[in-house]
Every structure is written in structure tokens, then in C-alpha cells.
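Below is one structure, written out as C-alpha cells; the observations come after it.
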Amino acid sequence: HLVESGGGLVSAGESLRLSCEASGGSSGTYAMAWFRQAPEKAREFVATISGNGRILNYADAVKGRAAISRDNTKNTMRLQLNSLKAEDSAVYYCAARTVGWDPTDASEYNYWGRGIQVTVLS
């Protein structure tokens, strides 16, 4: 069970931190990720973090502006987004998977949160 929080309405250039709280399992066994989906667009990969938190991967669209982290003692994952742009506006989803080959592939994720809206005003 994954629950996102921290979304909202911000102005371009500002920062936002999204959180994902996991329950019902040991989060350290799951790789976790953030995806996002803008209206009339496909869901796209944003960032991923391995179960032990050592391997990070970012989409080119957010590289240099985003930082993903996790705290397995609290079963939480976070995404810090800086220098937000209007094109970052989307519903952001937290996801978790047990095994897989491509951490950027949404189809490999077993568990999903309901999503949270992020709107960036230009």
C-alpha cells in the first residue's frame, strides 16, 4: 500500500518535496520509483531508487533538478524537485517492484499509489 503526499500548486522556479509512505511490507526489499502523467500524455518515468538506496536513476527531464531518497526505517521515499517548470505539472505516482530488468519501465512495477497532483504555474 503506497500513499503519496506533498503535491500542490507552486510557481515556476520553486521547489517541492513529494513523499511516499509504504505499508504492508518491508520496503527495503522493493525498488521504488516516481512516475508522472500529464493530461493526454503517457505515464513517464521520473526517478528510481534501489531497495538499499544506493542506485539512483533519473529521467533526463529532471536530471540535475531532482533528488530521490528513501528511509527504510520509516518506510518512506521522497522526491525533491527544484527549479520547477510548467512542464513538470502532472499527477505523480509512487511505485514499487520486487524484481525486474528496467527500472524505468512502468510495467515492471507491482504496486502503485493513487497519485498526487503537482501544478506549476508559469
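The values are calculated or read from the model by the stated rules, or taken from the named source; none is laboratory data. Just so it is clear, the structure is predicted and the values come from calculations on it, not from any experiment. Cβ atoms come from the backbone with ideal geometry, glycine included; neighbour counts cover every protein chain shown. With ligands, DNA and RNA removed, areas are computed over all heavy atoms of the protein, side chains included. Shrake-Rupley method; radii C 1.70, N 1.55, O 1.52, S 1.80 Å.
Worth a mention:
- Taking Asp60, Asp88, Asp105 and ordering them by how much accessible surface each has at a 1.4 Å probe, largest first, produces Asp60, Asp105, Asp88.
- Length-normalised contact order of the stretch 18-60 in % [C-alpha pairs under 8 Å, at least 6 apart]: 31
- Once the chain from Thr119 to Lys85 is taken as fully extended at 0.36 nm per residue, the excess over their C-alpha distance is 11.3 nm.
- Dividing the radius of gyration of the alpha carbons in the stretch 1-51 by their Kirkwood radius gives 1.01 for Rg/Rh.
- If the chain linking Arg17 and Ala42 were pulled fully straight, counting 0.36 nm for each residue of separation and taking away their Cα-Cα distance, it would gain 6.7 nm.
- Computed with a 1.4 Å probe over protein heavy atoms only, the accessible area of Lys63 comes to about 120 Å².
- Net charge dipole size for the chain [Lys, Arg +1 and Asp, Glu -1 on Cβ; Debye, nearest 20]: 260
- Peptide ranges 42-50, 110-118 listed from the most packed, as the mean C-beta count within 10 angstrom indicates: 42-50, 110-118
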